[in-house]
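The values are calculated or read from the model by the stated rules, or taken from the named source; none is laboratory data. Quantities reported herein were computed from a predicted structural model and do not represent experimental measurements. Note: ideal-geometry Cβ built from the backbone for every residue, glycine included; neighbour counts use all protein chains shown. For the accessible areas, the whole protein counts, side chains as well, though only heavy atoms, and no ligand, DNA or RNA atoms are used. Shrake-Rupley method; radii C 1.70, N 1.55, O 1.52, S 1.80 Å.
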Amino acid sequence: MKILIRIAVTVLVFQQLFAAQPAVYGTHGVVVAHDRESCDAGIEILKAGGNAVDAAVAVSYALAVTYPQAGNLGGGGFMLIQMADGRSMAIDYREMAPEGATRDMFLEDSGKVSETKSIRGGLASGVPGTVAGMQLALDTYGTLSRKRVMKPAIRLAAKGFHVSYGLASSLNWLNREAVAFPETRRIFCRDGDLYQPGDRFKQADLARTLKRIQKQGNAGFYRGEVAEAVVQSISETGGHMSLDDLRSYKAVLREPLRGEYRGYSILSMPPPSSGGLALISMLNMLEPMSFDSVGWHSADQIHSLAEVEKRAYADRSSWLGDPDHFEVPVAELLSKPYAKLRMMDYDSTYASPSDSVYPLNDSELATIRALQGESEETTHFSVVDQWGNAVSVTTTLNHPYGSFVTVPGFGFLMNNEMDDFSAKPGVPNSYGLIGGEANAIEPGKRMLSSMTPTIVSRDGKAFLVLGSPGGATIITSVLQVIHNVIDYDMSLQEAVNAPRFHHQWKPDDIQYGPRAISTDTELRLQAMGHELSLRAAYGEVNAIMLDDRFGGWIAAPDYRRAAQAVAY
Ligand code: DON
């Protein structure tokens, strides 16, 4: 937990320093992402005639250069695609536990979970998925060549880009934290000759790695010299990953999850993310409630959402995991009868203590099945193209700079995604999330995620494209932006920038960001039985919305991490 608190403070400091970039409007193409260079990479590809998938691949590779905290080659993510012709698809390029992984690999001899092994060093890394994911996206929906879409990223790595204030501060932090990782300090901290805002940051090693991928595709990363260097660097920093682990990694096409909320269609990420399932089940629980006369961020509204969140996160702890290794009751948890059953003990005036909110049990699951017989440091960017194709991507190394292991000679960082597994039943991970059997470590299994790339449609057309970083808080951040737009009629920028709060079942408290809850509302919530705690601002919901007035697109970057948007 210590590590995360420090990370949260770093993020808070950056966000206070910058004025928000306002929303932008365009009719041909819009990109909203963490930084300007990555947005520009996407726009360049759209202007070259590429579609939103081509542009998303370009943005993803650009972020691997400009945003080493989260953009990556050595990590993974999810891409959700909705084409204007009605086709939709989820691409799962989540990392995978290596064959050498064992259920108890993060337990000390005393039986306690190690505080560091799943966070720093080679043991923390899962087999990376990004390169395979980008290739699958291009093969399935792309229209331009890999050669073309990777050009902006290669240029950024080879010629460099100007270090922003935020990146310089973050690299300063890395220099202090990564003392035990000399290659990381060499590449990102110039061995202590720290980058200042405005300096040009060139990455020759990374440029070579990108060129190799550009030329050879998956083989340029999962085989040959890069794969050998990954295996060696993981082994030298205490982990085990084999050439076979890399060679056998596959990105997967998955059917997106679908839901309905007040006439809007929701498309979101299926397992191994918990995000789509929790999001849709929370919307199902909210739907019977009316917010017409409930003030925004009043005690009543916050209470309703916190109660809904508590129930969804309780289910997440027991029932969510890699669907290729654990049977996730997706259709049941997504059903409206389930939401009704789940809310039977909801009291609109009093908080249910989390200790009395249990995950769905086997007999309740059977009841829902019977009812069903009648009828189922992360970063986010969104892209929409001139044809109305929409792409929503969340990608990550997990914590900023992942495991801190930079692959020598190749200039990229490895993830620390293994911490997203449940190291021991009932023991929280670094986001305070509890898991059990469904998310236990197994070789070849993908760790459960909260990443929630989502597309909301109206009358069959993409209406809202969004997602966020923020670990456990991702799902409730996405929920609140959708709720702000649909139930409170906010403009997109207002909905994105609005303060947020979060409940994840355990710990049993409403965590709220700066200015999210006034003191008198806090007192009312306490009287209803809630505990509350203030935390640093979190999330970066980079969203796009259809504009009703002129028919184009509005892109709204989240002010919290000084995100950017470009449109034309
Ligand atoms: O997949 C997940 O849920 C986490 N690894 C995401 C990490 C994250 O959002 C960190 N960013 N702030």
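Brief remarks follow.
- The listed residues are E377, E327, E332, and the only one of them that is modelled with pLDDT under 95, within 16 Å of the ligand (Cβ to nearest atom) and open to solvent by 10 Å² or more (accessible area, probe 1.4 Å) turns out to be E377.
- The stretch 236-256, residues that are within 16 Å of the ligand (Cβ to nearest atom) and of a type outside the set (V, I, T): A251, R254
- Only a single item in (1) of a type in the set (S, T, Y); (2) at pLDDT 95 or above; (3) within 11 Å of the ligand (Cβ to nearest atom) is not met by T406, and it is number (3).
- Where helices (runs of 4 or more DSSP H) fall wholly inside the stretch 237-332, the ranges with 3 or more residues that are over 25 Å from I119 (Cα atoms) are 275-286, 299-319.
- Options G276, G259, G239, G220; residue that is small (G, A, S), in contact with a Gly (Cβ under 7 Å, 6 or more places away or on another chain) and surrounded by 18 or more Cβ atoms within 10 Å (Cβ to Cβ): G239
- Within the stretch 461-490, being more than 25 Å from G76 (Cβ to Cβ), in contact with a strand residue (DSSP E or B) (Cβ under 8 Å, 6 or more places away or on another chain) and not in a helix (DSSP H, G or I) holds for K461, F463.
- Helices (runs of 4 or more DSSP H) within the stretch 110-159 that include 3 or more residues crowded, with 21+ Cβ neighbours inside 10 Å: 130-141, 151-159
- Within the stretch 515-568, the set of residues being open to solvent by 30 Å² or more (accessible area, probe 1.4 Å), among the aromatic types (F, W, Y) and part of a loop (DSSP other than H, G, I, E, B) comprises F550, Y568.
- Residues that are more than 12 Å from the ligand (Cβ to nearest atom) and over 19 Å from A132 (Cα atoms), drawn from the stretch 409-422: G409, S422
- Residues being under 16 Å from the mean Cα position of the chain (by Cα) and open to solvent by 10 Å² or more (accessible area, probe 1.4 Å) - total across the stretch 433-449: 2
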